[in-house]
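K.L.:
Sharing a structure, written as structure tokens. Questions coming.
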Amino acid sequence: MDSLRVLLVDDEEELVETLVERLQIRGIHAEGVTRGVDAIQRIREGDFDVVVLDMKMPGLDGLEVIGQLKHDRADIQVILLTGHGSSEDADRGIKAGAFDYLIKPVDIDELIEIIRKAADR
Amino acid sequence: MAQPAAQQQTTATGQPPAEEGYASDRYRRLFKTVALSTCIVALAPLIVLAVLNYHQYKRAYRADLIHPISLLTSNTKRSLEFFLSQRRSALNMIINDKSFDELCDQVRLEEIFTNLKMSFGGGFVDLGLIDDAGNQCSYVGPYELEGINYSDQQWFREVSLRGVYVSNVFKGFRKVPHFVIAVKHETGPRSYHILRATVDTEMLNDRILHLSERPSSDAFLISRKGVLQSPSRIYGDVLDRFPLEVPPYSVKVEVIEQLDERGRPLILGYAYIESTSFIFVLINRPEAIMGNWLSLRSEMIIFTAVSALLILAVIFWGSNYMVSGLRAADVKRAAVFHNMEYTNKMATIGRLAAGVAHEINNPLAIINEKAGLLKDLVLMSEEHPLNDKFCSIVDSIIKSVERCSSITHRLLGFARQREARTEMINLDLLLKEVLGFLGKSALHRDIEVNFDVPDDLPAIESDRRQLQQIFLNIINNAFAAVDDGGRIEIIMNEPEPGIVGVSVADNGTGISKENLKHIFEPFFTTKKGYGTGLGLSITYGLVNKIGGRIEVDSVEGEGTTFAILLPVVGKNA
């Protein structure tokens with residue numbers, strides 16, 4: 001098992017579940033939550049290297065979660081997921097401190113590559 | 001996604017193209033109406049005033065000219081009539097006072113003749129008495145006339161009939177012009193005698209000649225048959241023919257204007273002298289007197305013409321300025337209106353597209369991940385005869401997801417409203433993106449689109465959205481121009497360093513030479529009923545805005561080529 005610990009945050013439960021399973025198949029310790037609040041809670045409890053975060057979620061959205069994370073755990077790297085097909089929202093996320101972004105739907109290998117790069121930082 | 005492009009063709013606006021005369025009949029008509037009505041309002045009073053003044057001045061000058069002539073003619077007529085009446089009265093007095101026998105006495109007649117000459121200061125040449133048979137009874141004078149019978153002569157018959165006779169002027173044996181005055185005295189029912197005197201015309205002429213002193217005037221007597229009865233400065237000596245027509249009879253003094261034998265104008269005053277065949281004529285050449293009038297007339301004409309020209313120039317300039325301003329305002333207003341409408345439309349499409357893309361991308365992501373997981377599981381499981389088949393199916397699902405994903409990305413990439421900004425753009429990619437929207441239309445209508453891009457073309461610095469608009473308009477127009485099964489060729493090149501050219505050629509209907517002059521003008525359209533005529537005008541404006549230029553070449557029935565030349569370095573760089 002890889003030592004990497006990844007938290008997936010997306011309001012689409014099925015997507016989170018599937019991605020978690022696929023990452024685990026590839027030897028990455030992955031967990032998933034569907035709400036921003038849960039994500040912050042889980043990060044405080046756990047020891048994650050990378051957070052893969054959806055931009056648009058009900059309640060706390062991606063940018064707000066980044067803001068909170070940078071406050072609590074500045075060492076955690078964040079990778080953004082966006083469904084908007086454009087880089088503008090993601091640009092705002094990068095400015096807020098995210099490591100990189102991916103546009104949905106994502107390729108699993110690409111995701112893992114970016115996760116590793118983020119973890120190596 | 002072809003819809004926004006098609007709508008852009010008919011609703012969006014841009015910068016109006018350069019002025020090239022009047023864009024449409026509407027403005028030409030407006031210009032004509034404004035210019036014409038202003039001309040009428042401004043010029044009509046001027047012309048009416050000028051004409052009125054002209055006639056008023058002319059009347060005044062003519063009155064100044066005619067009045068003195070009329071006065072002189074009238075005075076001279078009275079003077080001549082008085083002169084003749086004096087002589088006639090003297091003869092009447094003698095014939096009534098003296099008996100026939102007394103007058104027949106040669107010595108007595110000589111005494112009377114001497115007294116007559118003394119009393120009237122000369123002028124009488126001879127004096128004779130004629131009986132009612134026409135026989136000369138006595139005679140005093142230079143000729144040998146005793147015993148001559150006048151009964152068959154016209155003057156004798158006339159004096160016998162009317163009682164008095166004044167002859168025309170004639171030259172006697174002495175070649176001196178004179179005329180005859182004869183008066184009749186009746187002594188019984190059928191008996192009478194006649195006293196006949198010959199009068200020298202010199203005294204008569206004295207009353208006329210002083211009127212001819214001025215070079216522009218001439219005064220003389222003519223007979224009713226048009227023979228000069230006194231010398232004329234212009235028309236010759238006594239008994240010469242008066243070359244002009246004898247003026248018509250009138251009891252009073254008349255002044256007429258007519259042309260002389262050389263066609264020059266003259267003012268002719270005349271009066272028929274009572275009881276004679278003499279007509280007194282006073283001629284005045286108007287040139288001298290009318291000189292002032294002619295000079296005034298020239299000045300009036302020049303002043304009126306210069307004023308009219310000035311007014312016309314101001315009206316032309318003013319009307320042109322006004323109509324041009326109006327047209328510019330119309331174009332600007334229409335451009336702003338359409339641009340706003342277009343911007344709003346694009347913003348709405350952008351919001352809609354973003355929402356749709358997001359909603360579709362999430363389920364697509366789930367499908368993608370589920371399919372991926374399925375593949376993972378298959379690969380992890382024990383070897384199964386259908387594993388390859390499973391993997392192939394899953395790959396197919398993932399590919400379809402990718403296709404859907406590229407569609408939503410492209411949709412967002414085009415429709416998203418962004419502020420205008422300059423960036424480095426690969427024109428070939430941008431053109432392919434634009435063509436992507438029209439691809440389906442090309443397929444349905446079987447239109448062949450050839451795309452020729454050299455490898456070494458530089459990227460250009462420009463505004464992506466404006467370039468998209470420009471090429472959508474041009475390519476959409478090409479699609480509209482060709483029939484189903486037609487051909488469109490898009491060729492990119494670098495005609496000169498720093499410039500990238502894109503030519504879009506179609507083999508469609510082409511544009512007539514007449515229409516070609518107007519295609520970039522706002523509101524000009526050949527799409528009857530559904531075109532606003534703004535598409536190419538916008539394109540022209542956009543190309544100008546980003547520092548490029550657009551050229552068009554067309555042969556009717558063969559096709560049209562639009563060439564867009566864009567600077568590699570942006571206008572604002």
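K.L.:
Please enumerate, by chain and number, the aspartates and glutamates with C-alpha under 19 Å from the C-alpha of B:Lys252, excluding those fewer than 8 residues away in the same chain.
P.N.:
Cross-link targets: B:Glu81, B:Glu274.
K.L.:
Would you list, by chain and number, the aspartates and glutamates whose Cα falls below 20 Å from the Cα of B:Lys513, excluding same-chain residues fewer than 8 positions away?
P.N.:
B:Glu19, B:Glu20, B:Asp25, B:Glu521, B:Glu551, B:Asp553, B:Glu556, B:Glu558
K.L.:
Could you tell me whether the range A:14-121 comes out rounded, prolate or oblate from its Cα gyration tensor? Rule is a ≥ b ≥ c as square roots of the eigenvalues, rounded for a/c under 1.5, then prolate if a/b exceeds b/c, otherwise oblate. Can you show the working numbers first?
P.N.:
On the way: a/c = 1.28, a/b = 1.09, b/c = 1.18.
Note, shape of the range A:14-121 comes out rounded.
K.L.:
With a 10 Å Cβ neighbour count serving as the proxy for reagent exposure, in which order, fewest first, do B:Leu438, B:Leu161 appear? Walk me through the intermediate numbers first.
P.N.:
Details: B:Leu438 23, B:Leu161 9.
Listing B:Leu438, B:Leu161 from fewest to most nearby Cβ atoms yields B:Leu161, B:Leu438.
K.L.:
Now a separate question. How far is helix B:387-415 tilted off the main Cα axis of chain B, in degrees rounded to 10, range 0 to 90?
P.N.:
With both axes taken from Cα atoms, the answer is about 30 degrees.
K.L.:
Pull up the cross-link candidates among the lysines for B:Lys98, meaning alpha carbon to alpha carbon under 29 Å and not fewer than 8 places away within one chain.
P.N.:
Once the sequence-local lysines are set aside, what remains near B:Lys98 is B:Lys117, B:Lys184.
K.L.:
Distance between Cα centroids, the range B:43-79 to the range B:429-472: provide it in whole Å.
P.N.:
Value for the Cα centre distance between the two parts: 85 Å.
K.L.:
Turning to a different aspect of this structure: Using only DSSP helix segments of four residues or longer, with each worth -39500 (n - 2.57), what per-residue ellipticity at 222 nm results for chain B after dividing by its residue count and rounding to 500?
P.N.:
On the way: 12 runs with 295 residues, N = 573.
Result for chain B: -18000 deg cm²/dmol, rounded to the nearest 500.
K.L.:
Less than 10 Å Cβ to Cβ from B:Gly508, Lys/Arg counted +1 and Asp/Glu -1: what total charge do the surrounding residues give?
P.N.:
Around B:Gly508, the charge tally is -2.
K.L.:
For a quick check of your reading of the filter: which GluC sites (Glu not before Pro) in the range B:54-162 sit in a DSSP loop and have no more than 13 other Cβ atoms within 10 Å? Working shown, then result.
P.N.:
Numbers: sites: B:Glu81, B:Glu102, B:Glu110, B:Glu111, B:Glu144, B:Glu146, B:Glu158; in loops: B:Glu144, B:Glu146.
Passing sites in the range B:54-162 are B:Glu144, B:Glu146.
K.L.:
Then there's this: Between the range A:58-121 and the range B:473-512, what's the alpha-carbon centroid distance in Å?
P.N.:
44 Å
K.L.:
Just counting partner chain Cβ atoms within 10 Å, what average do the residues of peptide B:471-483 show around their Cβ?
P.N.:
Details: counts 0, 0, 0, 0, 0, 0, 0, 0, 0, 0, 0, 0, 0.
Mean partner shielding for this stretch: 0.
K.L.:
So if I take the centroid of the Cα atoms in the range B:270-342 and the same for the range B:124-155, what is the distance between those two points in Å?
P.N.:
73 Å
K.L.:
A further question follows. Given labels modelled 7 Å from the Cα in the Cβ direction, how far is it in nm from B:Ser85 to B:Leu516?
P.N.:
9.5 nm
K.L.:
Taking beta carbons within 10 Å but only from partner chains, what does the mean come to for residues B:371-381?
P.N.:
Per-residue shielding by partner chains comes out at 3.
K.L.:
Give me the angle, in degrees from 0 to 90, between the Cα long axis of helix B:106-120 and the longest principal axis of the Cα atoms of chain B, rounded to the nearest 10.
P.N.:
In chain B, helix B:106-120 runs at an angle near 40 degrees to the longest axis.
K.L.:
Now for a different question. Just the number, please: percent antiparallel of the DSSP beta bridges in chain B, rounded to the nearest 5.
P.N.:
On the way: 74 of 79 bridges.
Given both bridge residues lie in chain B, the antiparallel proportion sits at roughly 95 percent.
K.L.:
Assuming R0 = 30 Å, what is the FRET efficiency of B:Leu310 and B:Lys545, from their Cβ-Cβ distance, to the nearest 0.05? Could you put the intermediate results ahead of the total?
P.N.:
On the way: r = 41 Å, r/R0 = 1.38.
Between B:Leu310 and B:Lys545 the formula returns 0.15.
K.L.:
Just counting partner chain Cβ atoms within 10 Å, what average do the residues of peptide A:19-26 show around their Cβ?
P.N.:
Details: counts 6, 2, 6, 7, 0, 1, 6, 1.
Shielding by partners across A:19-26 averages 4.
Each reported figure results from applying straightforward, stated rules to the coordinates on display, with no laboratory input. Model, not experiment: these values are computed from the prediction. Here the Cβ is made from the backbone with ideal geometry for all residues, glycine too, and neighbour counts use every protein chain on show.
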